[in-house]
Every structure is written in C-alpha cells, then in structure tokens.
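The values are calculated or read from the model by the stated rules, or taken from the named source; none is laboratory data. Predicted model only: the values in this text are computed from it and were never measured. Virtual Cβ from ideal backbone geometry, glycine too; neighbours counted across all protein chains shown. Ligands, DNA and RNA are stripped out before the accessible areas are found, and what is left, the full protein with its side chains, is counted by its heavy atoms. Shrake-Rupley method; radii C 1.70, N 1.55, O 1.52, S 1.80 Å.
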Amino acid sequence: MTRDTRDRLIDIGTRLLALGYFGTLCWLALQSAIKVAPAVVGGTASDADLRTLLVKATAVAFSGLLVWVYLFRSRPVRKSGGLLPRVTALLNAVI
C-alpha cells in the first residue's frame, strides 16, 4: 500500500469517526430540544425548560456545524502524514 493510499484511508476513517460522533451528538440534542419545544412555544414552560431548550439548540447548532465542516470541507492544499495530526485535530474539536 502506498503512502498516499494509506493517508487517504486514514483521512476517510477519521472523517467518518468525526461524522459519527458529532452526528450522534447533534441527533441526541435535537431529540431533547424537540421534547421541550412545545411547552416553550405554548407558553407553559418553566424557566428550566427554557434553559434546556436554549442549551440543546446551541448543541444542535455547534454539532451540526461540525458535521457540515466534515462533510463539505475541501481537500487540503498541504497536510501532515500519519495518524497523529488527524487524531490531534479531532481531539481539539471534541475538547
């Protein structure tokens, strides 16, 4: 296996890992927001429900943005080879 092929497979693998992680976070936050939204829209929500909706909507926006970035980012002009730079970038996004 050539270095380019190996790097491409690592890139695809890390992209799929990030998409799975952030996609799951986005989906779970969206489900939680949908549960609270009717009470907030109807005016019967408590302050805690309103805060929950705000936090979940923010989580959906952030996770959704990261999913978008990993789906539609262009090919890099230059990149470091190997697994460590990709893992470091993923951990920075998570942390």
Phi-based couplings in Hz for region 30-37 (Karplus 6.51, -1.76, 1.60; Gly and Pro marked x): 5, 4, 5, 5, 5, 5, 8, 4
Longest DSSP-loop-exposure-free segment, trypsin sites (Lys or Arg not before Pro), the chain, at most 14 other Cβ within 10 Å: 1-72
Dipole in debye (nearest 20) - the chain, about Cα centre, beta carbon charges: Lys, Arg +1; Asp, Glu -1: 480
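Could you grab the relative contact order for the chain? Cα pairs under 8 Å, six or more apart, rounded to a whole percent.
Once normalised by length, the contact order is 39 percent.
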Three-way shape call for the chain based on the alpha-carbon gyration tensor, with the a/c threshold at 1.5: prolate
Region 5-95 - percent of accessible surface contributed by carbon and sulfur, probe 1.4 Å: 70
